[in-house]
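To start, the structure itself, in structure tokens.
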Amino acid sequence: MSIIKVSTSIFSKIKTVKRALEKAQGGDQIHLAGGKYKESITILEHVTICGHVTNPVFVEGVIIIPKSGHATLENMAIYPTMQILVEGELTVKNCTFNGLLSNVILSLNSGKATFVDCTFSNANDIAIALINQSHASFIHCTFDNNEKAHLLAENSTVEIKNSEFSNARHAIWAKTQSHISTENVKIHNHSGTQIIVQSESTLTDCGSTIEHGDGNGIYATEHTLVTLTETTMQHHHLPQLWIQKSKFQLDRCFIQHGQESGLMLREFAEGTISNTLFSSHSIANIQLTMESLLHMTDCQIINCQGVGVQVREKSILNFSQTTFAANVLSQLFVTEKSICSLKDSTIKDGKQVGIFVEKEASVSVVASVITKNDNSGATVIGAELVMMESELRNNKGNGILAANQANMTIENCQFQDNSMPHIAGKEQANVAISNSEFTGGKSIFMLEDCQLNVHDSTFNNALGTQIELVGRTKATIHRSIISGGTGNAIKVLKDASLEIFESQISAHQMPQIVINDSSLIFKNSELLQGERNGFIIENNAEAFIQDSFISNHKYSQIWMDTDSTVELSATQITEGHESDFYVQNHSSLHATDCIIQNERFNYNVQAINHSKIELVRTSVENSFGEKFYSENNSLISHTFDEVNE
């Protein structure tokens, strides 16, 4: 190996690079002194060209490495006036490229290049362009202040490690079928999108930081694939990660502090996210739209000034073991026929609604917790919600609010200490509840033509009425227990209807069941130990009570008023503290095959003011005093053969 020295000095034997290359053999070194070289250079042999980084080399001409060429550049500061064209192989170590005098510093056309400890700056257009199956790798390199883009790749492959990109319009632009791999790279302060990935290209990153951009952090479109591991994206003016008609994977990433959204998925975008934090965005931490698909596992979605996650336009989103917390608007917003599922997840400490579902969307929640939101745990408007094995507790609004033909299915859930009714429904909402428990607060409030079906559930210790049905609402309660409330157990008002089967209601401080201008069917059930009345049937109300047991109320066990009717069949009424029947104001009660027993109050069967009580095959016993009392054109008819004690 020989060393050939080149200098523009008048004392130099070799004044041009071209002359040095003519003399060089394969493996020789050319030492290039600083200065201006007005020549075009073609490197055919495998040679090394060295210089000194403090002595800049100005090349006024084209530097070409053809397919057969292989060059190594070391320790040089290069100011090319025209781009360096690489079709063969190039290795560059510890060099500085300054593009003040050129639009493109270096182009690879089917070439290969390796850059170590290099700097690329001040190109008027692009620092490095790669086309036609080129390949380049960059290790410990710096790109700064190139005008349009630092790297532009088309049908090429780029590997970048431990490098830095700053101050251009774009850092990396991957066009058709290009493949970009980055590791521990810092990308910051670009005026447009920092990384663009287009048209069947791929981007794979591990451990990089992409921050402080005026556009997106990453924009991927047209069937690309983006894979990020331990990547940090923060402080972008537009959505930090924009995926459109493409696929992506995130693992152990941090997407935070964006001025718009953290992640935007559009037009059939599809991805998976695991162990990733989304935090502190102005509009939404995550947005899905236009039939996109996303799976998230072990993630955190927190502290957004807008919506935690927004799912729109027939998109699908699945969460597992994910936490939503402290988002200012809805923590999860699902709309426009989209579908969302949550499993083993938590939605807590929201400033408004935990889950908001509307416009024919559907959400299912399994084994999850919704707690301490400043508004409803969930709101469902014209949409569907299914909850299984979940908890809704300590929300400042409703546990769930359903409206406008919403459909809800609740199975094996627990509702506790929500400030407003655990479940509220209006405007033709349809709610089905099974094997669930309601504690504290008010359990259910439904109005305006709703449907309610409850079975195998318990309602305990409500602060106020446990279940209230208003305005043509229809409800069925089957094999359930309602006990221990400070108000009524059930109120049915304004032409609503209720059917109760095989259930037990007990220990309320106010009348246990109030039926006002509505209807009741009460079968095979128990009504026990009320602090006031058992039933109040009033204002044109109707009730049918069969095969049931009514006992131990402090006030009249059945109290009727104002044109109301009650039909009793095969029912036992016992241990009343006052009247068993108190019927007044044009009301009527008909009892067949019943047993009425009273040991505490005189006149346990009373009809007042144009009212009627008819007892057929019914035993009436009163060990305290008289059984019957009627006044003011009222009638008590008793056809049972009485047995005197």
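In this entry, H179 is excluded by the filter for residues that are surrounded by 19 or more Cβ atoms within 10 Å (Cβ to Cβ) and over 22 Å from T229 (Cβ atoms). For G61, the requirement of being among the small types (G, A, S), in contact (Cβ under 8 Å) with a residue 24 or more places away in the chain and either surrounded by fewer than 17 Cβ atoms within 10 Å (Cβ to Cβ) or in contact with a strand residue (DSSP E or B) (Cβ under 6 Å, 6 or more places away or on another chain) (or both) is met.
Listed here are the residues, each with its yes/no results for (1) over 20 Å from Q310 (Cα atoms); (2) in contact with a Gly (Cβ under 8 Å, 6 or more places away or on another chain); (3) without any contact (Cβ under 8 Å) to a residue 60 or more places away in the chain; (4) surrounded by 24 or more Cβ atoms within 10 Å (Cβ to Cβ).
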{"position": "D349", "(1), (2), (3), (4)": "no, no, yes, no"}
{"position": "F356", "(1), (2), (3), (4)": "no, no, yes, yes"}
{"position": "S364", "(1), (2), (3), (4)": "no, no, yes, no"}
{"position": "G382", "(1), (2), (3), (4)": "no, no, yes, no"}
{"position": "N418", "(1), (2), (3), (4)": "yes, yes, yes, yes"}
{"position": "E427", "(1), (2), (3), (4)": "yes, no, yes, no"}
{"position": "A432", "(1), (2), (3), (4)": "yes, no, yes, no"}
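The number of residues in the stretch 450-465 that are more than 12 Å from V431 (Cα to Cα), assigned to a loop (DSSP other than H, G, I, E, B) and at pLDDT 95 or above comes to 2.
Residues are listed down the side, and each one gets a yes or a no for (1) among the aliphatic types (A, V, I, L, M); (2) part of a strand (DSSP E or B); (3) within 24 Å of the chain's Cα centre (by Cα):
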position: G397; (1), (2), (3): no, no, yes
position: Q405; (1), (2), (3): no, no, yes
position: S419; (1), (2), (3): no, no, yes
position: E468; (1), (2), (3): no, yes, no
position: I477; (1), (2), (3): yes, yes, no
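Would you check which residues across the stretch 273-288 are over 13 Å from the mean Cα position of the chain (by Cα) and either part of a loop (DSSP other than H, G, I, E, B) or of a type in the set (V, I, T) (or both) and list them? Selection gives N275, T276, S282, I283. Taken together, L250, L225, L238 contain a single residue that is more than 23 Å from I301 (Cβ to Cβ), crowded, with 18+ Cβ neighbours inside 10 Å and of a type outside the set (K, R), which is L225.
Where strands (runs of 3 or more DSSP E) fall wholly inside the stretch 487-561, the ranges with 3 or more residues that are in contact with a Lys or Arg (Cβ under 9 Å, 6 or more places away or on another chain) are 497-501, 513-516, 542-546. Any residue at all in the stretch 108-125 that's closer than 17 Å to V197 by Cα, in contact with a strand residue (DSSP E or B) (Cβ under 7 Å, 6 or more places away or on another chain), of a type in the set (G, A, S) and without any contact (Cβ under 8 Å) to a residue 60 or more places away in the chain? Within the stretch 108-125, not a single residue is closer than 17 Å to V197 by Cα, in contact with a strand residue (DSSP E or B) (Cβ under 7 Å, 6 or more places away or on another chain), of a type in the set (G, A, S) and without any contact (Cβ under 8 Å) to a residue 60 or more places away in the chain.
The residue list M560, M510 contains one member that is touching a residue at least 40 places away in the same chain (Cβ under 8 Å), among the hydrophobic types (A, V, I, L, M, F, W, C) and surrounded by fewer than 24 Cβ atoms within 10 Å (Cβ to Cβ), which is M510.
Scanning the stretch 461-482 for residues that are small (G, A, S) and either touching a residue at least 60 places away in the same chain (Cβ under 8 Å) or touching a Leu at 6+ places or on another chain (Cβ under 9 Å) (or both) returns G471, A475.
Considering the stretch 174-257, the qualifying strands (runs of 3 or more DSSP E), each wholly inside and each with 3 or more residues that are under 20 Å from T157 (Cα atoms), run over 179-183, 195-198, 202-206, 218-221, 225-229, 247-251.
When the stretch 585-634 is limited to residues that are farther than 24 Å from A541 by Cα and of a type in the set (A, V, I, L, M, F, W, C), the one that is surrounded by the fewest Cβ atoms within 10 Å (Cβ to Cβ) turns out to be F624.
Among the residues of this structure, H52 counts as one that is surrounded by fewer than 19 Cβ atoms within 10 Å (Cβ to Cβ), out of contact with any Gly (no Cβ under 6 Å at 6 or more places or on another chain) and either part of a loop (DSSP other than H, G, I, E, B) or at pLDDT 95 or above (or both). Going by what's in this entry, would T323 be described as more than 14 Å from the chain's Cα centre (by Cα) and either crowded, with 19+ Cβ neighbours inside 10 Å or not hydrophobic (A, V, I, L, M, F, W, C) (or both)? No, not satisfied. For the structure I just gave you, tell me whether F143 is buried (at least 23 other Cβ atoms within 10 Å of the Cβ), among the aromatic types (F, W, Y) and within 19 Å of V197 (Cβ to Cβ). When the stated conditions are applied, F143 passes them. Considering every residue within the stretch 131-143, establish whether at least one is part of a strand (DSSP E or B) and within 36 Å of the chain's Cα centre (by Cα). Checked the stretch 131-143: no residue is part of a strand (DSSP E or B) and within 36 Å of the chain's Cα centre (by Cα).
The values are calculated or read from the model by the stated rules, or taken from the named source; none is laboratory data. Not measured: the values here are computed from a predicted model. As a convention, Cβ positions derive from the backbone with ideal geometry for all residues, glycine included, and neighbour counts pool all protein chains shown.
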